[in-house]
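The values are calculated or read from the model by the stated rules, or taken from the named source; none is laboratory data. Bear in mind the structure is a predicted one, so any value in this text is a computation, not a measurement. Every residue, glycine as well, gets a Cβ built from its backbone with ideal geometry; the counts of neighbours run over all protein chains shown.
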Amino acid sequence: YHKFPLSLFLGAEIRSFINTPRILYSQPGVVKGDTLIDIGSGPTIHQFLSACESFKEIIASDYTYRNHWELEKWLKNEPGAFDWTPVVKYVCELEGNRGKEAEKEAKLRKAIKQVLKCDVHKSNPMDPIVLSPADCLVSSLCLESACKDLNTYRLALKNISSLLKPGGPLVLSGVLGCSFYMVGPKRFSCLVLREEFLREVLSETGFVIQEFEVLLRNDNMDDSSDFSGKFFILARKE
């Protein structure tokens, strides 16, 4: 899949899943509401595990139907669905709910209402479906893979921002300085992002950055990607 797990949205916290898990703390309770939209969900559910405690309705989205199929298999608890039990257990422990993995999975399956086709290059990324603006927008490792250059990234960010209510939070995470990454033997290109550009483009798009955290690359990491660091942003739409 053109996606690999990087981050976990945890209430107002963002937790990294690459190598040794690290934690970036935000003020609790600042990210909550009725509806959350995830842009570029891939085949993963880890980003929703704690979000389902803060939002009544979650809308997952991805460009490829293969990822839709994988998500739907898990939602319907079908044979052959990916087993997320170790990750669910880890999140429950972080939340102080050890042993409540079954309840967590049931709550998440109930919270994810739709899995939609998403194209960030369209003015309405969910076209032809028109959604009411969400209370929160989340995206991890999507735009840098979907955009060929910085101007395209600008337009894509503007497009997805139309899905968010004024005043709503955007939780954006990804990688800095990355030109490629490997998924098994397959090599994928990636748009090289810098912190200065991200700050500039968010401001241009009408966001006020509340938190911008960077984790620098560990020298012991393998050569499956050339990224220099990971970024985690909490911003609000003006």
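With respect to (1) touching a Phe, Trp or Tyr at 6+ places or on another chain (Cβ under 9 Å); (2) under 18 Å from LEU155 (Cα atoms); (3) surrounded by fewer than 15 Cβ atoms within 10 Å (Cβ to Cβ), the lone exception for SER224 is condition (2). Could you please let me know if GLU200 is closer than 25 Å to PRO133 by Cα and of a type outside the set (Phe, Trp, Tyr)? Considered against the rule, which asks whether it is closer than 25 Å to PRO133 by Cα and of a type outside the set (Phe, Trp, Tyr), GLU200 comes out as yes. Return the pairs, sorted by first residue and then second, in which the second residue is assigned to a strand (DSSP E or B), the first residue lies in region 102-115 and is closer than 21 Å to ILE39 by Cα, the beta carbons are less than 6 Å apart, and the residues are 6+ apart or on different chains. Matching pairs, first to second residue: ALA111/ILE58; ILE112/ILE58; ILE112/ALA60; LYS113/GLU57; GLN114/ILE59; VAL115/ALA60. Please find, within region 71-120, the residue that is modelled with the lowest pLDDT out of those that are touching an Asp or Glu at 6+ places or on another chain (Cβ under 9 Å) and among the acidic types (Asp, Glu). In this case the residue turns out to be GLU95.
Across region 193-210, the qualifying residues are those that are touching a residue at least 40 places away in the same chain (Cβ under 8 Å) and crowded, with 17+ Cβ neighbours inside 10 Å, and the one among them that is farthest from LYS158 (Cα to Cα) is LEU193. Considering region 84-127, and only residues there that are in a helix (DSSP H, G or I) and in contact with a His (Cβ under 8 Å, 6 or more places away or on another chain), the residue that is surrounded by the most Cβ atoms within 10 Å (Cβ to Cβ) turns out to be VAL91. The residue of region 30-55 that is nearest to the chain's Cα centre (by Cα), among those that are crowded, with 21+ Cβ neighbours inside 10 Å, among the hydrophobic types (A, V, I, L, M, F, W, C) and closer than 21 Å to ILE209 by Cα, is ILE39.
Condition check ((1) in contact with a Gly (Cβ under 7 Å, 6 or more places away or on another chain); (2) assigned to a loop (DSSP other than H, G, I, E, B); (3) under 19 Å from TYR90 (Cα atoms); (4) at pLDDT below 85) across all residues:
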position: PHE4; (1), (2), (3), (4): no, yes, yes, yes
position: LEU8; (1), (2), (3), (4): no, no, yes, yes
position: ILE14; (1), (2), (3), (4): no, no, yes, yes
position: ILE23; (1), (2), (3), (4): no, no, yes, yes
position: VAL31; (1), (2), (3), (4): yes, yes, no, yes
position: LEU36; (1), (2), (3), (4): no, no, no, no
position: THR44; (1), (2), (3), (4): no, yes, yes, no
position: ARG66; (1), (2), (3), (4): no, no, no, no
position: TRP69; (1), (2), (3), (4): no, no, no, no
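The helices (runs of 4 or more DSSP H) located wholly in region 130-238 that include 2 or more residues which are modelled with pLDDT of 95 or more and farther than 30 Å from ASP34 by Cβ occupy 150-161, 195-204.
Kindly establish whether GLY168 is closer than 18 Å to GLN47 by Cβ, more than 15 Å from the chain's Cα centre (by Cα) and surrounded by 15 or more Cβ atoms within 10 Å (Cβ to Cβ). Judged against the criteria, GLY168 is a match.
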